[in-house]
Amino acid sequence: QVALVESGGGLVQVGGSLRLSCAVSGRTFSTYAMGWFRQAPGREREFVAAISRSGGNTRYAESVEGRFTISRDNAKTAVYLAMNSLKPEDTAVYYCAADLTSVLSTRHYTYNYWGRGTQVTVSS
């Protein structure tokens, strides 16, 4: 089993920054890719970013490209999402997820394990 716990969410003004963290325990962390997704009220869960097992490859949703950066620290078994230039439309619950197939998928159903999420609210 794999356990994921997100932290770092909160309330921030438009144009501000936040850094989300996801602590991972259980199976060997470096054997799976990691992703961040988000879900706003009344909307489907959407892909935000993904990172490969080594951290050498990343993928972003068009809506966050250039503003968000995903990274990981395999020694600390953690993945991060640095969010800059935040907009009101970034408001959502943010989830981290582990993908055993390690293909940098944008599809939420390919991810095997999920955290409970952390709320990010961007006020205008």
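The values are calculated or read from the model by the stated rules, or taken from the named source; none is laboratory data. Remember, predicted model here, so these are calculated numbers, not experimental data. In case anyone asks, the SASA skips ligands and DNA or RNA and just uses the protein heavy atoms, side chains included. Shrake-Rupley method; radii C 1.70, N 1.55, O 1.52, S 1.80 Å.
Computed values, structure above
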quantity: Base-10 log of normalised Debye intensity for segment 59-124 (one unit scatterer per alpha-carbon) at q = 0.15, 0.16, 0.25 Å⁻¹; calculated: -0.55, -0.63, -1.39
quantity: Accessible area per residue, Å², the chain with all protein chains present, probe 1.4 Å; calculated: 51 Å²
quantity: Gap separating the Cα centres of segment 23-58 and segment 85-118, nearest whole Å; calculated: 5 Å
quantity: Stretch gain in nm, segment Arg19-Ser123, where the contour uses 0.36 nm per residue and the Cα spacing is subtracted; calculated: 35.8 nm
quantity: Backbone HN-Hα couplings from phi across segment 33-45 [Karplus 6.51/-1.76/1.60, Hz, Gly and Pro as x]; calculated: 6, 10, x, 10, 10, 9, 9, 9, x, x, 10, 6, 5
quantity: Cα pair distances exceeding 17 angstrom across segment 3-58, given as percent; calculated: 53 percent
quantity: Trp114, Trp36, reordered so the largest accessible area comes first (probe 1.4 Å); calculated: Trp114, Trp36
quantity: Cα-derived Rg to Rh of segment 1-116, Kirkwood definition; calculated: 0.94
quantity: GNM top mover of Val93, Val79, Val48 - the chain, alpha-carbon springs below 10 Å; calculated: Val93
quantity: Of all DSSP beta bridges in the chain, antiparallel share, percent nearest 5; calculated: 90 percent
quantity: The chain: relative contact order in percent, alpha carbon pairs under 8 Å with at least 6 residues between; calculated: 36 percent
